[in-house]
Amino acid sequence: MPFAIEVKNLKKSFGDLQAVQDASFNAEAGEVLSLLGPNGAGKSTTISMLSGLLAPTGGDASIMGHSITKEPEAAKSSLGVVPQDIALYPDLSARENLVFWGKMYGLRGAALKQRVDEVLEIIGLTDRQKDHIGKFSGGMKRRVNIGAALLHKPDVIIMDEPTVGIDPQSRRHILDNVKALNRQGMTVLYTTHYMEEAAELSDHIAIMDRGKVIAYGAHDQLIKMVGEETRIDLTLNTDGEKVLAAWKATQGVSQINSLDGKVTVLVDDSNRVLPHLFEEASKAGARITSVEIQEPNLETVFLHLTGRALRD
Amino acid sequence: MRIIDLTLKDLSQIFRDKRSLLFLVAMPIIFTLFMGFAYKSGKDEDAVQDNRIPLGWVNNDPGGVVSQELFEMLSNSDSIRVVELAAAAANDSVRKGEVAGVLIAPAGYSEQAEAGDDPQLTLVTDTNSAQGQSIYQLLRTSVTKVMSAMEIARLSAGMTGKPADASELDAAFASASRAWAEADSASLVKVELAVEESFLGDWYGDNPYNQASPGILVQFAIMGLVSSGQILVQERKTRTLQRMMSTSMRSWEIIAGHTLAMFGVVFLQIALLVVFGQLALGVDYLRSPLGALLVSVALSLWVAAMGMLIGAMVKDDSQVILFALMAMFIFSALGGTWFPLEVSSGAFALIGKAMPSAWAMNGYQNILIRGLGLESAWLPTGMLLVYALGFFVLAVWRFRKMDM
C-alpha cells in the first residue's frame, strides 16, 4: 500500500539559504505524523511545498500517490490545509466562510449545506455561525480555520502549528479534534514546536533542525535514542561559568546546555549525579535556586541530537 | 464554476462596503457635471467674442443712396464690425483703441457719385498698425465695389439714349449692388478640407458633455485599477490567497475569478454613468446602444485585467495606489479623456493614440460626436480586448512567480 504522504529528498533554497535540505519521511494512511522542531527548522517551508504554495528546488513528494510536482491538482484535491495564520475573510460570517471554501473544494447544493452544518458542529460554533469572523476570539478563529480544511473530507490534512498563541481551552479543543479526525481515518501531518503535543498525538515523529530531518520514528523509538539519560533543569543565581566547567567534568554528565540562567544537564543517573552538582556549585560560590528532574522525553532527544534545547 | 463562485464572493464583499459605492457612483457623476460645466463655460465665452475689426462710421451724407449701400456692405462683412459714431466722438474712439479706424462719408457723397464724380471718403486710422493696414485694404475692396456698381448703373441708364432720371439710376444701382452681393455669396470655387472635420467648430459637437461624460467615464474606469489591484493584496494579507493556492484551483482560474469580479464592478460603474449621461446630460450613447455596450465591456475587461497585473506585482496597498495612480494619469492624459487627442499634435498624439484609453474614447466619440454606428465600435473594442488579454496573460505569469 502506498504511503499517504511520501517525501523524498525534498529541497528548498531561497538564494544562499537552504531552508530545507534533503528532507525525507513518510506517513501511512490513517496515522498522525508530527514534524517537531524549533522555529526556523524548516517545518513550515516543508508543508508549504506539500501544500503547493512553494515549488521545491529539488526532490519530490506525493500525497495519496500523486506527485506534488507532476500532478499538483490531483495531489491538492486529496489535501486539506490548516495554515499557521488565520486564513479567513474577516468581513464574512463563519458560515459564509465555510460555504465559500466548500465551493472552492468543489462541494455544491445540499451536500455543501449538510457538510457545513457538520463542520460547524465539529468545531463547536453552530450557535455563532452568523457572526463575522472579525468578531471572534483567537481560539474561535482557529477553530473555523481548521473547519475550512475539513469541508471536503480530505484523505490527508496538514496542520501548521494550529495551537500557537491560543488559550488552553481552545488548545485542548483543537487537540481533541485532531484525535477525532484521525479516528475517522484521516492522515494528519501536524507541525509543532511543543514536544508534549507531538508526544500526545503522533504515531510517528520527524524531528527537524536547520532544514534537515535529524530523526524519524515512533515516540518510543526516538526516546530510546537517548538511552536511559535523565534530564535535569537547574537555575543558578549567577552566570556560573566556573560551575558549568566543573559540572561538565563530573562523571555521569553527558551534555550541558545553558541559556538565560537556566541550565539543562543530561545525566545517566540523577540520584547519583545530583549531589555532585550541588557540591560543585557550592565550591564555586554559586547557589542552585531551582531543580527539575525529567524522565527522557522528546526535548531530551532534541537536546541529545543538537546540543540545544527546543526552545533555543 | 469555481471561478464564478470566487467572482460572486468578491462582489458580495465589495458591495457590503458603503464607501466603495460612494466612490463607484457619486464621485464620477460629480466630476462629469464639473467637467461638462467647464467645457460649456468655454463655449459661452467663445460665442460672445467677435473677432471682426471694429470700424467707426460717421455719415455726413444722410439719406444718400451710395453711402447707405456702402454702410450695408460693410455691415454684412465677415471682417469688419461697423460702429456708428457721431463726428465729434470719432477721433476719440480711435485714440482709445475702441475702433481700428473711422470712415467718414462727406456731405453730398452720394450725389457726387451719381453725377459721375469721384467723391472722396476719409479714413482716420494708424496706417502703421496691422489693423490699420488691414482695414484700409478691406475698405478699398468695398468702396471699389460700390463705385463700380454706380458706374455700371450709370452706363446702364445711359444706354437708353435718354437722360437718366434719379429713380432709374437708383434702381440700376440697386441691381448692380445686388449682383455684387450675389457674386460674393455664390460658391465659384469648390473648397476641399485638408483637415479632419472634427477640427472645425466645437470638438465636442453640439453638447459639451459629449467629451466630459465619456472622459470621466473612462478615467473613473481606470481608477478601478486601485480596487482591482487591492483584491490580490488583501487576499494575501488575510492569507486566504495561500489557502486558495492549497486547493486544486489553478493560478489562471484564481486570476480569472477576481478579474471577472472587477469587470463586474467597473462595468456597473460605466453603465450607471452611461445612463446618467443619456438621461441627465443628453449624451446620446443610445445612438448605437450595441456599440456603446461593446466598448464598455472591453474597457471594463482591460481595466480589470491590468489591475490584476498590478496586484500580482506589488507587495502592499500603498504600492497598488502608487502604480494605479501612475497608470491613471498616463492613460487619462495621453488617452484623451481630459481633452480630445485631435487638438494635440506630434509625438503626444502619436503615443496617445496607441493607449487603450484612447481606443475607449475613440469608440465612444465615434458614436457621440461623429455620429457613427455599430461598425465604428468594432475596432476600438477589438483593440481593448487585445490589451485585456495581454494584461491577463501577464497577470497570470506574474502571479505564478509570486512569493506566498
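Residues that are surrounded by 24 or more Cβ atoms within 10 Å (Cβ to Cβ) and within 31 Å of the chain's Cα centre (by Cα) within region B:302-323 comprise B:TRP302, B:VAL303, B:ALA304, B:ALA305, B:MET306, B:GLY307, listed in sequence order. Quick check on region A:141-164. Is at least one of its residues out of contact with any strand residue (DSSP E or B) (no Cβ under 9 Å at 6 or more places or on another chain), in contact (Cβ under 8 Å) with a residue 12 or more places away in the chain and surrounded by fewer than 16 Cβ atoms within 10 Å (Cβ to Cβ)? Within region A:141-164, none of the residues are out of contact with any strand residue (DSSP E or B) (no Cβ under 9 Å at 6 or more places or on another chain), in contact (Cβ under 8 Å) with a residue 12 or more places away in the chain and surrounded by fewer than 16 Cβ atoms within 10 Å (Cβ to Cβ).
Restricting the first member to region B:245-258 and to residues that are more than 7 Å from chain A (Cβ to nearest Cβ) and surrounded by 23 or more Cβ atoms within 10 Å (Cβ to Cβ), and the second to residues that are in a helix (DSSP H, G or I) and among the charged types (D, E, K, R), the beta-carbon pairs closer than 7 Å and six or more apart or on different chains are B:HIS258/B:ASP10. Counting the residues of region B:7-21 that are within 11 Å of chain A (Cβ to nearest Cβ), farther than 14 Å from A:ASN97 by Cα and of a type in the set (D, E, K, R) gives 2. Determine which single condition A:THR46 fails, assuming it passes every other condition in (1) surrounded by 23 or more Cβ atoms within 10 Å (Cβ to Cβ); (2) within 13 Å of another protein chain (Cβ to nearest Cβ); (3) not aliphatic (A, V, I, L, M). It is condition (2) that A:THR46 fails.
Based on what the data block shows, is A:GLU200 within 30 Å of A:PRO83 (Cα to Cα) and either assigned to a helix (DSSP H, G or I) or out of contact with any Ser or Thr (no Cβ under 8 Å at 6 or more places or on another chain) (or both)?
Values: within 30 Å of A:PRO83 (Cα to Cα): yes; either assigned to a helix (DSSP H, G or I) or out of contact with any Ser or Thr (no Cβ under 8 Å at 6 or more places or on another chain) (or both): yes.
Criteria met by A:GLU200.
Among A:ARG143, A:ARG210, A:ARG171, A:ARG183, which is the only one that is basic (Lys, Arg) and touching a Ser or Thr at 6+ places or on another chain (Cβ under 6 Å)?
Values: A:ARG143 fails: touching a Ser or Thr at 6+ places or on another chain (Cβ under 6 Å); A:ARG210 fails: touching a Ser or Thr at 6+ places or on another chain (Cβ under 6 Å); A:ARG183 fails: touching a Ser or Thr at 6+ places or on another chain (Cβ under 6 Å).
Sole residue among the options that is basic (Lys, Arg) and touching a Ser or Thr at 6+ places or on another chain (Cβ under 6 Å): A:ARG171.
Any residue at all in region B:304-318 that's over 21 Å from B:VAL396 (Cα atoms) and either away from every other protein chain (no Cβ under 14 Å) or of a type in the set (Val, Ile, Thr) (or both)? Yes, that holds for at least one residue. So which residues in region A:109-151 are of a type in the set (Lys, Arg) and closer than 21 Å to B:MET245 by Cβ? Correct list: A:LYS141, A:ARG142.
Consider region A:51-78 and keep the residues that are under 18 Å from A:PRO2 (Cα atoms), assigned to a loop (DSSP other than H, G, I, E, B) and touching a helix residue (DSSP H, G or I) at 6+ places or on another chain (Cβ under 8 Å). The one that is nearest to the other protein chains (Cβ to nearest Cβ) is A:ILE68.
Please enumerate the residues belonging to region A:8-36 that are within 14 Å of chain B (Cβ to nearest Cβ) and either under 14 Å from A:ILE157 (Cα atoms) or assigned to a strand (DSSP E or B) (or both). First the steps, then the outcome.
Within region A:8-36, the first condition is being within 14 Å of chain B (Cβ to nearest Cβ), and the residues that meet it are A:12-15, A:17, A:19.
Scanning region A:8-36 gives A:LYS12, A:SER13, A:PHE14, A:LEU17, A:ALA19.
Condition first: within 14 Å of another protein chain (Cβ to nearest Cβ) and either buried (at least 19 other Cβ atoms within 10 Å of the Cβ) or part of a loop (DSSP other than H, G, I, E, B) (or both). Can you find one or more residues in region A:126-133 that meet it? Steps first, answer last, please.
Taking region A:126-133 and keeping what is within 14 Å of another protein chain (Cβ to nearest Cβ), we get A:132-133.
With the extra rule that they be either buried (at least 19 other Cβ atoms within 10 Å of the Cβ) or part of a loop (DSSP other than H, G, I, E, B) (or both), the set shrinks to A:133.
Yes, some residue in region A:126-133 is within 14 Å of another protein chain (Cβ to nearest Cβ) and either buried (at least 19 other Cβ atoms within 10 Å of the Cβ) or part of a loop (DSSP other than H, G, I, E, B) (or both).
Going by the structure shown, is A:ASN39 in contact with an Asp or Glu (Cβ under 7 Å, 6 or more places away or on another chain) and either surrounded by fewer than 23 Cβ atoms within 10 Å (Cβ to Cβ) or not in a strand (DSSP E or B) (or both)?
Values: in contact with an Asp or Glu (Cβ under 7 Å, 6 or more places away or on another chain): no; either surrounded by fewer than 23 Cβ atoms within 10 Å (Cβ to Cβ) or not in a strand (DSSP E or B) (or both): yes.
Considered against the rule, which asks whether it is in contact with an Asp or Glu (Cβ under 7 Å, 6 or more places away or on another chain) and either surrounded by fewer than 23 Cβ atoms within 10 Å (Cβ to Cβ) or not in a strand (DSSP E or B) (or both), A:ASN39 comes out as no.
Based on this model, can you work out whether A:LYS135 counts as without any contact (Cβ under 8 Å) to a residue 60 or more places away in the chain and in contact with a strand residue (DSSP E or B) (Cβ under 6 Å, 6 or more places away or on another chain)? Spelling it out, it is not the case that A:LYS135 is without any contact (Cβ under 8 Å) to a residue 60 or more places away in the chain and in contact with a strand residue (DSSP E or B) (Cβ under 6 Å, 6 or more places away or on another chain). Only residues that are over 15 Å from A:GLU28 (Cβ atoms) and either touching a Pro at 6+ places or on another chain (Cβ under 6 Å) or aromatic (Phe, Trp, Tyr) (or both) were counted across region A:203-228, and they come to 2.
Starting from residues that are among the charged types (D, E, K, R) and without any contact (Cβ under 8 Å) to a residue 24 or more places away in the chain, keep the ones in region A:49-92 and report whichever is surrounded by the fewest Cβ atoms within 10 Å (Cβ to Cβ).
A:LYS70
Scan region A:79-103 for residues that are among the basic types (Lys, Arg) and within 11 Å of another protein chain (Cβ to nearest Cβ) and the total you get is 1. With respect to B:THR337, is the statement that it is surrounded by 17 or more Cβ atoms within 10 Å (Cβ to Cβ), under 23 Å from the mean Cα position of the chain (by Cα), farther than 19 Å from B:GLN211 by Cβ and assigned by TED's automatic domain parsing to the domain that holds B:MET262 true? Criteria not met by B:THR337.
Restricted to helices (runs of 4 or more DSSP H) entirely inside region B:303-390, those with at least 3 residues that are closer than 24 Å to B:LEU241 by Cβ are B:317-334.
Number of residues in region A:36-84 that are under 22 Å from the mean Cα position of the chain (by Cα) and among the hydroxyl-bearing types (Ser, Thr, Tyr): the value is 7.
The values are calculated or read from the model by the stated rules, or taken from the named source; none is laboratory data. Everything numeric here is computed off the predicted structure, so don't read it as measured data. Glycine also receives a Cβ, built like all others from the backbone with ideal geometry; neighbour counts cover every protein chain displayed.
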